[in-house]
Amino acid sequence: GENVEQHPSTLSVQEGDSAVIKCTYSDSASNYFPWYKQELGKGPQLIIDIRSNVGEKKDQRIAVTLNKTAKHFSLHITETQPEDSAVYFCAATLPSGTYKYIFGTGTRLKVLA
Amino acid sequence: DSGVTQTPKHLITATGQRVTLRCSPRSGDLSVYWYQQSLDQGLQFLIQYYNGEERAKGNILERFSAQQFPDLHSELNLSSLELGDSALYFCASSPSPGTPSYEQYFGPGTRLTVT
C-alpha cells in the first residue's frame with residue numbers, strides 16, 4: 001500500500017534561517033500532497049498543499065515543491081520565526097474516491113531565537 | 001479554528017470500558033474521517049464516512065466502530081478498551097463533492113487515557 005517517509009524527524013534552525021522538510025511517497029498514482037502544522041495540544045492545521053499537476057506552490061514564507069519523477073515533495077519555510085516551532089506532517093492521497101490521507105511520521109521543528 | 005468540533009476534549013477511563021467520541025464537521029462538509037495519533041504510530045487513518053455511509057476503512061480494530069448521523073455529526077465508539085488504545089483521536093471533515101476537493105480540516109482532538 002501507499003507509504004510516506006518524512007525526514008528529518010527533528011530540525012533546529014536559528015531564527016531567520018530557512019527550514020526544509022522532505023517527504024517521499026511510494027504510489028505514483030498519488031495526486032494530492034498537503035502539509036499540516038500541529039502545535040502542542042491542537043489538531044493538525046492545513047498550511048499548504050500541492051496537486052500533482054503543479055511543480056511548486058508558494059504562500060508568503062512557505063513553499064512546497066513536487067518532483068513526480070522522484071516521488072519527492074518538500075516543504076520550505078523561509079525567514080523562520082519562533083512561532084513556526086511545531087510538528088509538521090506531510091501526507092499523500094490517492095484519487096481513489098475516498099481521498100484518505102497517508103501521513104508521514106512528522107518533523108519537530110524548533111526555531112531558536 | 002477549523003470549524004470542526006470534537007467532544008470531549010479529554011477522557012480518562014479504565015481497561016475494558018466503552019467510550020464514545022463525538023465529532024461535528026464544518027458546515028456543509030459531507031465527509032468525516034477519523035484518525036488515531038499515538039506516539040509510536042503517528043497519524044493513522046481509521047475510517048471515513050460520507051453522507052451517512054461508510055466509505056473507507058483503514059487500520060481500525062474490530063473493537064472500534066463509527067457512524068455518521070443524518071445531521072452529519074459522527075461518533076467513534078471504542079469498546080473493550082486496552083492500555084494501548086490511549087491516544088489522541090482526531091476527526092477531519094472535507095468539503096462537499098461536486099468539485100474535486102481533497103482538503104481535510106481537523107478538529108482539536110479527544111485525548112483518551114486508558115488506565
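All of the numbers you see were taken from the coordinates with simple rules; none came from a lab. What you see is a predicted model, and the numbers here were worked out from it, not measured in a lab. As a convention, Cβ positions derive from the backbone with ideal geometry for all residues, glycine included, and neighbour counts pool all protein chains shown.
Is there a quick way to get the dipole size of chain B? I mean about its Cα centre, with the Cβ of Lys and Arg at +1 and of Asp and Glu at -1; what is the value in debye to the nearest 20?
So the magnitude is around 160 debye.
For the protein assembly as shown, what D do you get in µm² per second when you plug the Kirkwood radius from alpha-carbon pairs into Stokes-Einstein at 37 °C and 0.692 mPa s?
The calculation lands on 182 µm²/s.
Taking the alpha carbon gyration tensor of segment A:47-98, what are the square roots of 5 times its eigenvalues, largest first, to the nearest whole Å?
Semi-axes, largest first: 23, 13, 10 Å.
Across peptide B:64-71, what mean number of C-beta atoms from other chains lies inside 10 Å of a residue's C-beta?
Shielding by partners across B:64-71 averages 0.
Between B:T13 and A:K42, take the C-beta separation as r, use R0 = 25 Å, and let me know the FRET efficiency to the nearest 0.05. Provide the component values of the computation, followed by the final result.
Values: r = 23 Å, r/R0 = 0.91.
Approximately 0.65, to the nearest 0.05.
Contact order normalised by length for chain A, with contacts defined as Cα pairs under 8 Å and 6 or more residues apart; what percent is it?
With pairs under 8 Å counted, the relative contact order is 37 percent.
Which of the listed residues, A:T93, A:V20, A:V54, is farthest toward the dipole's positive end in chain A, when Lys, Arg count +1 and Asp, Glu count -1 at the beta-carbon?
My answer, from the dipole projection, is A:T93.
Quick one: compute the contact order of chain B, relative version, from alpha carbon pairs under 8 angstrom and 6+ residues apart, as a percent.
Working: 295 pairs, mean separation 42.3, N = 115.
RCO, chain B: 37 percent.
Indicate, rounded to the nearest 5 percent, the antiparallel portion of the DSSP beta bridges found entirely in the protein assembly as shown.
90 percent
Spin-label point model (7 Å from Cα, Cβ direction): what's the A:V20 to B:Q44 distance in nm?
3.3 nm
Per residue, how big is the convex hull of chain B when only Cα atoms are used? Give it in Å³.
96 Å³
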